[in-house]
Amino acid sequence: MKALILVGGFGTRLRPLTLSVPKPLVDFANKPMILHQIEALKAIGVTEVVLAINYQPEVMLNFLKEFEKKLGIKITCSQETEPLGTAGPIALARDKLIDGSGEPFFVLNSDVISEYPLKEMVNFHKGHGGEASIMVTKVDEPSKYGVVVMEETTGKVKKFVEKPQIFVGNKINAGIYLLNPSVLNRIELRPTSIEKEVFPKIAAENKLYAMVLPGFWMDIGQPKDYITGLRMYLESLRKKSSAKLSTGSHFVGNVLVDESAVIGDGCLIGPDVAIGPGCIIESGVRLSRCTIMRGVRIKKHTCVSNSIIGWHSTVGKWARLENMTILGEDVHLGDEVYSNGGVVLPHKEIKSSILKPEIVM
Amino acid sequence: MKALILVGGFGTRLRPLTLSVPKPLVDFANKPMILHQIEALKAIGVTEVVLAINYQPEVMLNFLKEFEKKLGIKITCSQETEPLGTAGPIALARDKLIDGSGEPFFVLNSDVISEYPLKEMVNFHKGHGGEASIMVTKVDEPSKYGVVVMEETTGKVEKFVEKPQIFVGNKINAGIYLLNPSVLNRIELRPTSIEKEVFPKIAAENKLYAMVLPGFWMDIGQPKDYITGLRMYLKSLRKKSSTKLSTGSHFVGNVLVDESAVIGDGCLIGPDVAIGPGCIIESGVRLSRCTIMRGVRIKKHTCVSNSIIGWHSTVGKWARLENMTILGEDVHLGDEVYSNGGVVLPHKEIKSSILKPEIVM
């Protein structure tokens, strides 16, 4: 079985992290974002994953070679020379997705983190016998999104309503599709929207069905949602009684620490913290609701909350970082620095406090 | 004869331009910054240029291959694995700079734009018979810099004073040196400062001489100085009666336009404007004190002053850009947008006005 992951563009919303690597390679819960999806696909028997990309193909291709071997799954690229929208890339990758077997193929948006109940989705797809299945997720504020209006019992999709003014439903497109090869005949190789052009046609023929995603879902393409997404992800690890979560008096709530990270005495870590490979958290440090990427050193007595600290950065002693502070790669904060929502681009040294949210370039 | 160009670091002050290319490859007056220096070196018979780099070596190496052939000069790299300061890189490149001929070699800072009177400097060096020559330039506010105190008649350097509180002189280090191979014995392969450690020792032995730079000089490592530097550079072209400057009723002051750029009717361009290859300036456009990089399209009736427009960007109709607006690569401003000092990172679309100086990421 095959899958296409829509990797797409520049990842500007996740800057400054995406100034160092393309978005799919930004780490989430201590592994590249796209690896979460590739592993979920491999687990249900997908043998080939195609990445639809249009930015920094060399970096993605290097990543592929490294992980193809490790994961034992074939990974290839399909490169857009012009932006093709949300459906065009599927047409572009046509030859890679059809293998004559007639089997459906997955299409995933790369920004999404979820439970990935892909096996259940395959069964659902076979059950309804339609041409395409789409995963939907419940949200509190549907008016901000594209709502999928469907029959509750069968899941048959009636229509899509973009940012509805009145209540039409609370299920939105979760960015996970399972499509029969025949769908490829409906997509022209030009900039095309899957929600506005392709799916409505399939729905009109009563051949599109939606499955409600059990479990968590988050579009982690911007820092605020990335941090919320980590909370959800760690909570789902907790539910599965994962041994990966840290235990002990220094930890509160759900915390994920890479085995090569070192944590000093007197720290209090959590809730909702991920600490990456090679990190050094010195003694007396307080971390909550934050991600500490590979190779970071946090010095003594410092307090970090609701922030993301990028690869190989250092944070000085008695520092205080909060309110969506984002440090890019190789950023060095001095001792006793306060950052209230500072967003710092890579390769910078910060010696004075950032009192209100601002970008430091 | 050989030369070393200190290319160095991350170029953070020239962001967002340096988010797309390393600083030496940022265009100035329609050619990569470093090319101005390499051409000046070749013109006086330098046969090999070594680039001391520590960031994005692959990009620099690709550049080299392209220009080695075009220029007919050997270009190699010396890569720092840790930052070595302002003198350490010279020690690192030792083997490339000594060829047994006993000839002195040049060392240049890459951010500098000037007249490059290198032939005069060689004669000056031979004339005084000392071990090292340094180019100095006159400034109005010496207290902001490192001042070189020297005998007026001979140029013999007495001492260096960093940011002097009282007036000790108004000549500062212009970042152009001519050194005998024996200077290499004075520099250890560790982070070293040429102004604080190496030159003072040579001066104490009465072997360091300074020559006052005739003509213009500017450190163009930040946008404000880049724009001032362009004014100086174009003025020097004017003095040499260069045919490269544009003439005609649509131009005022000094303007440099690449031959492949297209300028529409009713435009008024200048003073102090550089327009790069492949640019399209539609009709009725007003440009002053700005740099328009390769492949930019400026639509009708727009007014741009004191700004830098990055490669392949577009600016809509009836737009107004002023006060140090810097657009990175591939930025697209909509019609009727106003930008007062907006600094926009690459690959962005701007549809609403930026009313006060701010970074858009």
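Bear in mind that the values in this text are calculations on the coordinates, not laboratory data. Since we're looking at a predicted model, the values are computed, not measured. So basically every Cβ, Gly included, is an ideal-geometry build from the backbone, and we count neighbours across all protein chains shown.
Calculate how steeply helix A:223-239 sits against the longest principal axis of the alpha-carbon atoms of chain A, using the helix alpha-carbon long axis, and give the answer as 0 to 90 degrees to the nearest 10.
Tilt of helix A:223-239: around 80 degrees.
Taking the alpha-carbon distance from residue A:356 and a cut-off under 17 Å, which aspartates and glutamates remain once sequence neighbours fewer than 8 residues away in the same chain are dropped?
Partners found: A:322, A:336, B:358.
Can you grab the distance from the C-alpha centre of the stretch A:262-313 to the C-alpha centre of the stretch B:86-163, Å, no decimals?
46
Report the net charge of residues surrounding residue B:149, where surrounding means a beta-carbon distance below 12 angstrom and charges are Lys +1, Arg +1, Asp -1, Glu -1.
Result for the local shell: -1.
Once both axes come from the Cα atoms, what is the angle between helix A:57-71 and the longest principal axis of chain A, in degrees from 0 to 90, rounded to 10?
90
Suppose R0 equals 35 Å. What FRET efficiency, 1/(1 + (r/R0)^6) with r the Cβ-Cβ distance, do residue B:212 and residue B:258 give to the nearest 0.05? Don't jump to the answer; show the numbers that get you there.
Working: r = 34 Å, r/R0 = 0.96.
Here the calculated transfer efficiency is 0.55.
What are the chymotrypsin sites (Phe, Trp or Tyr not before Pro) within the stretch B:126-205 that DSSP puts in a loop, where the Cβ has at most 12 other Cβ atoms within 10 Å?
Those that pass, being in a loop and sparsely packed, are B:167.
From the backbone phi of the stretch A:13-28, what are the Karplus-calculated ³J(HN,Hα) couplings (6.51 cos²θ - 1.76 cosθ + 1.60, θ = phi - 60°) in whole Hz, Gly and Pro given as x?
Residue by residue, the stretch A:13-28 yields 5, 9, 6, x, 4, 7, 7, 9, 9, x, 3, x, 9, 5, 6, 10 Hz.
Within the set of other residues whose C-beta is less than 13 Å from the C-beta of residue B:360, count the net charge using Lys and Arg as +1 and Asp and Glu as -1.
In short, +3.
Starting from the Kirkwood Rh over alpha-carbon pairs, what translational D in µm² s⁻¹ does the stretch B:129-190 have by Stokes-Einstein at 25 °C and 0.890 mPa s?
After rounding, the answer is 193 µm²/s.
Counting C-alpha atoms alone, how compact is the stretch B:2-80: give Rg to one decimal and Dmax as a whole number, in angstrom.
11.9, 35
What do you get for Rg/Rh over the stretch B:223-357 if you use C-alpha atoms and the Kirkwood form of Rh?
Ratio of gyration radius to Kirkwood radius: 0.95.
Treating the stretch B:88-155 as a set of equal point scatterers at the Cα positions, no solvent, please give the Debye-formula log₁₀ I(q)/I(0) at q = 0.21, 0.26 Å⁻¹.
The calculated log intensity ratios at q = 0.21, 0.26 Å⁻¹ are -1.22, -1.40.
Give me the net charge for the shell around residue B:104: Cβ to Cβ below 10 angstrom, other residues only, Lys and Arg +1, Asp and Glu -1.
Details: positive: B:2, B:126; negative: B:103, B:131.
Net local charge, residue B:104 excluded: 0.
In whole Hz, with x marking every Gly and Pro, tabulate ³J(HN,Hα) for the stretch B:263-278 from phi via Karplus 6.51 cos²θ - 1.76 cosθ + 1.60, θ = phi - 60°.
Those phi angles translate into 10, x, 6, x, 7, 10, 10, x, x, 6, 10, 10, 10, x, x, x Hz.
How large is ³J(HN,Hα) for each residue in the stretch B:202-208, as worked out from phi by the Karplus curve 6.51 cos²θ - 1.76 cosθ + 1.60 (θ = phi - 60°), to whole Hz, x for Gly and Pro?
My calculation for the stretch B:202-208 gives 5, 5, 4, 8, 6, 10, 10 Hz in order.
Put a dot 7 Å past each Cα toward the Cβ at residue B:39 and residue B:158; how far apart are the dots in nm?
4.0
Report, to the nearest 10°, how far helix B:118-128 tilts away from the longest principal axis of the Cα atoms in chain B, using its own Cα long axis and a range of 0 to 90°.
The angle comes out at about 20 degrees.
Semi-axes, largest first, in whole Å: what does sqrt of 5 times each Cα gyration tensor eigenvalue give for chain B?
38, 21, 20
Once the stretch B:96-252 is represented by equal point scatterers at the alpha-carbon sites, with solvent omitted, what log10 I(q)/I(0) does the Debye formula produce at q = 0.08, 0.17 Å⁻¹?
Ignoring solvent entirely, the Cα scatterers give -0.27, -1.05.
What translational diffusion coefficient, in µm²/s and rounded to a whole number, does the Stokes-Einstein relation yield for the protein assembly as shown at 37 °C and a viscosity of 0.692 mPa s, taking the hydrodynamic radius as the Kirkwood radius over Cα pairs? Spell out each step's value before the answer.
Values: Rh = 28.9 Å.
Translational D for this selection: 114 µm²/s.
For the pairs B:138/B:207; B:23/B:239; B:224/B:244; B:2/B:126; A:348/B:23; A:2/A:126, note any where the Cα-Cα span goes beyond 18 Å. Please report the intermediate quantities before stating the final value.
Working: B:138/B:207 22 Å; B:23/B:239 28 Å; B:224/B:244 24 Å; B:2/B:126 16 Å; A:348/B:23 16 Å; A:2/A:126 16 Å.
Beyond 18 Å: B:138/B:207; B:23/B:239; B:224/B:244.
So if we plug the beta-carbon distance of residue B:268 and residue B:151 into 1/(1 + (r/R0)^6) with R0 = 51 Å, what FRET efficiency do we get, rounded to 0.05?
Once the sixth-power term is evaluated, E becomes 0.55.
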